[in-house]
Amino acid sequence: MTGDQAPGQGATQFGRLEGLDPRFHELVPPDARLEVLAEGFAWLEGPVWSKAGGHLLFSDTIANMNMETVGSLVLNLTALRPSW
């Protein structure tokens, strides 16, 4: 995904979601897709979605970086070092 693409537009999509429990689709829409948001990380932990902020937070613990999505951009939050 590049900085000028919205999620779902030109992003690499893969796999499928399979809900084995009917409650799964109470949280995840049946047409939801898996998308690659970014690549090149060593070991990712998280992610966590901030509903209030409307962004995704995750950590690359080996590289000691905290990351945040802003729209279709992924930013390194250097103010949150170390990542652990």
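Coordinate-derived values only; no laboratory data. Everything numeric in this text was worked out from a predicted model, so none of it was measured.
At-a-glance table
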| quantity | calculated |
| --- | --- |
| In Hz, Karplus ³J(HN,Hα) per residue of region 40-53 (6.51, -1.76, 1.60; θ = phi - 60°; x = Gly, Pro) | x, 9, 8, 8, 9, 10, x, x, 9, 9, 8, 5, 5, x |
| J(HN,Hα) series, region 26-33, from Karplus relation 6.51 cos²θ - 1.76 cosθ + 1.60, nearest Hz, glycine and proline x | 6, 9, 10, x, x, 9, 4, 10 |
